[in-house]
Amino acid sequence: MNVTTKSLLVAMAFGGSVATATASSVITGITASGPGLGSFSFEDPAPTFKYLSTAFSSADPVTLRFTVAHTEGDNSEHHIYETITNSTATAFTDLHLHIDESVGIPGDGVVFNYFSADHYLAPDFAPNFTLDSVSAGPRELNFTGELEAGASVEDSYFNLNLPDPGAGNTYTFSLTQTATVGVVPEPETYAMLLAGLGLMGFMARRKQN
C-alpha cells in the first residue's frame, strides 16, 4: 500500500471518528539518540511531525523521544510516516519497535492503535518488512524481511494513541527502534573454515598420489 493510499484511508478513518470532545494531544518535540543513530530529521515541524527520516549507522538501537502537550481538538491519534535507511555494510533482517513510557501518562498510556497485520491501517513497512502479527502488541511491533545495506524503506507507517495530558501539562515517551543483522562469522570462524578446506585439499591430493 503506497503512502497516498494510506493517507487517504487515514483521512477517512479520522473523518469517521469525530466526537464531541474538545481535549486532545499534540507532539511538541522529537529528539533522537542511541548508539545506532546515524542521522535523524523531519520534514514537518511542530505540531505535525508526521514525516520522519532515520538512518542507522549500526544495528544498535535508535531511540526517538517524543514530548506531548495538551491542545484543543477531538483526536488523540497521531499518524507517523518514517523513512528508515540502513547505512551499515550489512543487510537488516528484522526490525523491532518498542514504546517505553514515562511515569504518570494518563489513561491507558501511549500505545500503537493498530498492530494486527490484517487491519487496513496496520503498520506498513512494505516492501522490505512484513509485520509479525503473532509477536506484535500494543507497545511492540516486530517486523521480518530484509533491508539491504545502503537501502531505505520509504514512508513506512504506524499510528500512535497519545492521551491528552491536560491543560498546562506535558509528558514524554520513547520509541526505540532496533534492527537485526544476519549472522556474520567471526574472523576465527573464517580461519577455521579455511583451515578445514586446506586440510581437505591436502588429503585429496594425497589420495591422487
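Among the residues of the stretch 150-162, is there at least one that is surrounded by fewer than 14 Cβ atoms within 10 Å (Cβ to Cβ) and either without any contact (Cβ under 8 Å) to a residue 60 or more places away in the chain or of a type outside the set (Gly, Ala, Ser) (or both)? There is no residue in the stretch 150-162 that is surrounded by fewer than 14 Cβ atoms within 10 Å (Cβ to Cβ) and either without any contact (Cβ under 8 Å) to a residue 60 or more places away in the chain or of a type outside the set (Gly, Ala, Ser) (or both). From the list Thr28, Thr54, the one residue that fits, being over 22 Å from Thr178 (Cβ atoms) and either touching a helix residue (DSSP H, G or I) at 6+ places or on another chain (Cβ under 6 Å) or in a strand (DSSP E or B) (or both), is Thr28. Here the condition is being within 30 Å of Ser24 (Cα to Cα) and touching a Ser or Thr at 6+ places or on another chain (Cβ under 9 Å); of Asp94, Asp100, Asp108, Asp132, it holds for Asp100 alone.
Taken together, the values in this text are just the output of simple stated rules run on the coordinates, not laboratory data. A quick note: this is a predicted structure, and the numbers were derived from the prediction, not measured. Quick reminder, even Gly has a Cβ in these numbers, built from the backbone with ideal geometry, and neighbours come from all protein chains shown.
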